[in-house]
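Here's the structure, in structure tokens; my notes come after.
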Amino acid sequence: MSRLEQTFKTARNEGRAAFIPYITAGDPSLNRTAEVIEVLERAGADIIELGVPFSDPIADGPTNQKAADRALASGTTLKGILDLAMDVRSRSDIPIVLFTYANPVMQFGLEAFGSAAAESGIDGILFTDVPAEELPRFSPTLVAADIDPILLVTPTSGKARIKAISKAGSGFLYLVSRTGVTGAQRQLDPELQPLIAQVQKGSKLPIAVGFGISDADQVRQVAHWADGVVVGSAIVNQIASVGDSDDLAPAIEAFVRPLVEACNR
């Protein structure tokens, strides 16, 4: 059983949803990212979603775009991120999922990436811009490296589409909670609960919901409906506001602990 499978099984047995924080690797630096991962795990995170900064994002809203700009300005590269993951893996078993566009991986070289990613100990990779039809270009290399290819479903995905996406991917299914880009929202889409139920009917994979979930009340609602809850921009905002200071770790821990507790059903 993979680390991702075991994580969702453990959360389910404990009567809670898995908490999945998203952070941008290299914001404010790779060294501080390692520190943030450590504090996220200490606060109770189940899976780390590690964003690969990219110069031309299409799924990211202003918060994550700015974080990517800061990370690139600090000299962050895909190789550096894989080295970071390897360092984390040397002292932790927390599952790590890369959240990336296809371009950085293609520039790295798919075969080279597969080898380096396997050595780094990452558990999954979520391509934001690779549809199920294009995944066969990537999945053999990823599967050979024991890395789950994770796919997105959206509010516009029909029943047949949900089944096809679920069949193509593994690890878990990432359900985008609303149309549009990433970014904290004041309230959840009122159609989210029936959307989650529809996706659950079409998939045997655990369902993790993200995009726009920003506070404990929203986490609590989604945790009753889905297998996992992803909080990204709200945490990235915290990192941006604190910056490269001694207050970074305690600020993130204080912000995240109530979100983790809200995952209890």
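The values are calculated or read from the model by the stated rules, or taken from the named source; none is laboratory data. All values reported here derive from a predicted model rather than from experimental measurement. Ideal geometry is used to build each Cβ from the backbone, glycine not excepted, and the neighbour counts take in all protein chains shown.
Odds and ends about this structure:
- Residue in the stretch 96-117 that is over 19 Å from Asp27 (Cβ atoms), in contact with a Gly (Cβ under 8 Å, 6 or more places away or on another chain), buried (at least 24 other Cβ atoms within 10 Å of the Cβ) and of a type outside the set (Phe, Trp, Tyr) present: no
- The lone exception for Ser120 - which of (1) hydroxyl-bearing (Ser, Thr, Tyr); (2) at pLDDT 95 or above; (3) in contact with a Leu (Cβ under 9 Å, 6 or more places away or on another chain); (4) under 24 Å from Val229 (Cβ atoms) it fails: (4)
- Top-ranked residue of the stretch 107-133 - restricted to ones that are charged (D, E, K, R) and in a loop (DSSP other than H, G, I, E, B), ranked as nearest to Arg91 (Cα to Cα): Asp123
- All positions within the stretch 51-67 that are over 13 Å from Pro104 (Cα atoms) and buried (at least 24 other Cβ atoms within 10 Å of the Cβ): Asp60, Asn64, Ala67
- The stretch 154-168 residues that are under 20 Å from Pro136 (Cα atoms), paired with ones that are at pLDDT below 90 and of a type in the set (A, V, I, L, M) (beta carbon under 7 Å, 6 or more apart): none
- Against the test of being in contact (Cβ under 8 Å) with a residue 40 or more places away in the chain, buried (at least 18 other Cβ atoms within 10 Å of the Cβ) and under 18 Å from the mean Cα position of the chain (by Cα), the options Val256, Val209, Val176, Val199 yield a single qualifying residue, Val256.
- Among the residues of the stretch 106-133, those that are farther than 22 Å from Gly232 by Cα, in contact with a helix residue (DSSP H, G or I) (Cβ under 9 Å, 6 or more places away or on another chain) and aliphatic (A, V, I, L, M) comprise Met106, Leu110, Ala116, Ala117, Ala118, Ala132.
- For the stretch 221-229, the condition holds for at least one residue, the condition being that it is crowded, with 22+ Cβ neighbours inside 10 Å, touching a residue at least 24 places away in the same chain (Cβ under 8 Å) and in contact with a Gly (Cβ under 8 Å, 6 or more places away or on another chain).
- Helices (runs of 4 or more DSSP H) wholly inside the stretch 24-96 that include at least 2 residues being over 14 Å from the mean Cα position of the chain (by Cα), among the β-branched types (Val, Ile, Thr) and closer than 24 Å to Phe8 by Cα: 30-43
- Of the strands (runs of 3 or more DSSP E) lying entirely inside the stretch 134-231, those containing at least 2 residues that are out of contact with any helix residue (DSSP H, G or I) (no Cβ under 9 Å at 6 or more places or on another chain) span 173-176.
- Once the stretch 1-21 is narrowed to residues that are buried (at least 24 other Cβ atoms within 10 Å of the Cβ) and in contact with a helix residue (DSSP H, G or I) (Cβ under 7 Å, 6 or more places away or on another chain), the residue that is farthest from Lys79 (Cα to Cα) is Ala17.
- Any hit, the stretch 51-62, residues being polar (S, T, N, Q) and under 24 Å from Leu151 (Cβ atoms): yes
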